[in-house]
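The values are calculated or read from the model by the stated rules, or taken from the named source; none is laboratory data. Please read these numbers as outputs of a predicted model, since none were measured by experiment. For neighbour counting, all protein chains shown are included, and Cβ atoms are generated from backbone atoms with ideal geometry for every residue, glycine included. To get the accessible areas, we keep the full protein, side chains included, count just its heavy atoms, and leave off ligands, DNA and RNA. Shrake-Rupley method; radii C 1.70, N 1.55, O 1.52, S 1.80 Å.
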Amino acid sequence: ELSLDNADRIETYPELEQLTDKLRSQQNQLREQATELRRRRDEFEAATGNMTEGLVLLNEQGSVLSINRSATHILDISRYCIGKDIRAVSAVPQLRELAEKALGGEHCEAHACLGGVSYRLYASPVTSGDKVSGDKVSGAVLLMLDTTEKEQAEQLRREFSANVSHELKSPLHTISGCAELLANGIVKPEDVPHFLSQIQSEAKRMIALIEDIIKLSHLDEGAEDMQREDVDLLAVARRQADNLSQAAESAQVSLSVSGESAVVNGIPQLLDAIVHNLCENAIKYNRPGGFVKVNVRREGGSALLTVEDNGIGIPPEQQERIFERFYRVDKSHSKEVGGTGLGLSIVKHAAALHNAKINVVSAPGKGTVITVSF
């Protein structure tokens, strides 16, 4: 009648006490080990289940021992593939190839585009053994990392470098050409002021471009050296309207500020930059007789800054791209008004540092309304 399931309740002869004590001890050890294994399994599943990276563990035959939620989504396979050969359940050729190599003892990696997303796939063998028998491959680990954002950032850096070179080359050519004509005495005396004015204009354009690039670089680094304080958006709007009043008058555009006091905790220089660039764009991309209306108001727990104009507007398909560096909706008009193409990029980065959201409503020929919600 001895039973392993109820060793604690066994009543037996004195001659069997050593045996029953041993059974009880081993049962307690088994329970503790089982509890520890469950705890470790739960910890492992909790950690891997919340990973954004895909993770697959294989045994030495290539069968799936464990697969997390991200991996099933990335590979588009069922979560009930445990025990099945990864080479049979996965339709990704790069993954099957990596699994073969890893089970052969090789560390390897590959690139794959799955569902329009770029992934870097890594495979590593898991070895076991000792000094006598040597290392033996007992399985493999497959890891999938989303590199889409990294690749996009790299592409943006390349485009930014190319755009900076192009934007600086144009004014430099103009300055160089004008200076060469003046140096060789080819210019008529009455035309000298015109050439000097052109040199000065292009030099100012280069300075503005370089200053905007420095601002963006500072914002990319997080602007951690800038101090935050309570700032009234209405006061900022009125100050920037005063600064831009001459530009608005020259463009024959009316510029007005309305609303109520709305205090936000932020970086004064960046809040100035947001309002200035939005208003400056609204003036530049307007028409004679047009208007720019700046409104500040409180709504719920937010402070809203709205800049409205009745200028040239933005086509729907281009509205998501206007905050890209050097992107211009109307390239010919931008050169005419002397924009650097970086103003709205500065607005985007400055807003992000304040956890502010930007909303754009626009229609070609009717105007644009941009709202920043703090």
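Here are some notes:
- Within region 171-206, the set of residues being loosely packed, with under 11 Cβ neighbours inside 10 Å and either under 27 Å from SER161 (Cβ atoms) or among the basic types (Lys, Arg) (or both) comprises LYS188 only.
Here's the yes/no breakdown for (1) farther than 20 Å from LEU145 by Cβ; (2) under 30 Å from the mean Cα position of the chain (by Cα):
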| position | (1), (2) |
| --- | --- |
| ARG39 | yes, no |
| LEU58 | no, no |
| ILE74 | no, yes |
| ILE77 | no, yes |
| ILE86 | no, no |
| VAL89 | yes, no |
| VAL92 | no, yes |
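- Exactly one residue out of ALA241, ALA248 is in contact with a Cys (Cβ under 8 Å, 6 or more places away or on another chain), more than 24 Å from PHE160 (Cα to Cα) and in a helix (DSSP H, G or I), and it is ALA241.
- Residue match in region 215-230 (condition: among the charged types (D, E, K, R), part of a helix (DSSP H, G or I), closer than 30 Å to LEU172 by Cα and open to solvent by less than 50 Å² (accessible area, probe 1.4 Å)): no
- Test: residue in region 257-266 that is open to solvent by 30 Å² or more (accessible area, probe 1.4 Å), in contact (Cβ under 8 Å) with a residue 12 or more places away in the chain, within 24 Å of PHE323 (Cβ to Cβ) and outside any strand (DSSP E or B): no
- Failed condition for THR147, given (1) farther than 22 Å from LEU57 by Cα; (2) polar (S, T, N, Q); (3) under 29 Å from the mean Cα position of the chain (by Cα); (4) open to solvent by less than 60 Å² (accessible area, probe 1.4 Å): (1)
- If only residues of region 46-71 that are touching a strand residue (DSSP E or B) at 6+ places or on another chain (Cβ under 8 Å) and assigned to a helix (DSSP H, G or I) are counted, the one that is surrounded by the most Cβ atoms within 10 Å (Cβ to Cβ) is ALA71.
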